[in-house]
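Trainee: Got a structure for you, written out below as structure tokens; questions coming shortly.
The values are calculated or read from the model by the stated rules, or taken from the named source; none is laboratory data. Small disclaimer: the values here were computed from a predicted structure and weren't measured. Here the Cβ positions follow ideal geometry from the backbone for every residue, glycine too, while neighbour counts run over all protein chains shown. The accessibility values were calculated without ligands, DNA or RNA, using every heavy atom of the protein model including side chains. Shrake-Rupley method; radii C 1.70, N 1.55, O 1.52, S 1.80 Å.
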Amino acid sequence: MNFWYYLLTEGGSGTNDLSNAYNVTGLGINKAQAICYRMNAVYLFPNAVYADARTYAIQAAQDLYGGCSPEVISTANA
């Protein structure tokens, strides 16, 4: 999750552990913080796994910035 947050904030590109390429446009600290806070405060639950965090981070970005916004795209790509 730390690297996900870094990518969401600063952006970056590379290849992940599954050899899939990624390219993330950074949102800056304020937008990344808002998405992460909403994900944790509204959606995540005690037994959540990484897949839940991804799903709810995207949902939090949609709540805050709209369905097909650049923020949602960056959240999904991170």
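Trainee: May I ask you to list the residues in region 22-78 that are of a type in the set (D, E) and over 14 Å from G11 (Cα atoms)?
Mentor: Residues of region 22-78 that are of a type in the set (D, E), as a first pass: 52, 63, 71.
D52, D63 - these are the residues of region 22-78 that are of a type in the set (D, E) and over 14 Å from G11 (Cα atoms).
Trainee: Taking A41 and the conditions (1) among the aliphatic types (A, V, I, L, M); (2) at pLDDT 95 or above; (3) under 16 Å from N77 (Cα atoms), which numbered condition does it fall short on, given that it satisfies the others?
Mentor: Every listed condition holds for A41 apart from (3).
Trainee: Given (1) surrounded by 14 or more Cβ atoms within 10 Å (Cβ to Cβ); (2) among the β-branched types (V, I, T); (3) more than 10 Å from the chain's Cα centre (by Cα), identify the lone condition not met by T9.
Mentor: The one condition T9 does not meet is (3).
Trainee: Considering region 54-78 alone, what residues qualify as being open to solvent by 70 Å² or more (accessible area, probe 1.4 Å), under 9 Å from the mean Cα position of the chain (by Cα) and not polar (S, T, N, Q)?
Mentor: R54, I73, listed by residue number.
Trainee: Could you check, for region 21-35, whether at least one of its residues is at pLDDT 95 or above and at positive phi?
Mentor: Yes, region 21-35 has at least one match.
Trainee: May I pose another question? Find all pairs meeting these conditions: Cβ atoms under 6 angstrom apart; at least six residues apart or on different chains; first residue within region 47-68 and within 21 Å of F3 (Cα to Cα); second residue polar (S, T, N, Q) and at pLDDT 95 or above.
Mentor: A57/T75; I58/T75; A61/T75
Trainee: Quick check: is even one residue across region 19-38 open to solvent by less than 30 Å² (accessible area, probe 1.4 Å), assigned to a strand (DSSP E or B) and either touching a residue at least 12 places away in the same chain (Cβ under 8 Å) or touching a Phe, Trp or Tyr at 6+ places or on another chain (Cβ under 9 Å) (or both)?
Mentor: Yes - at least one qualifying residue is present in region 19-38.
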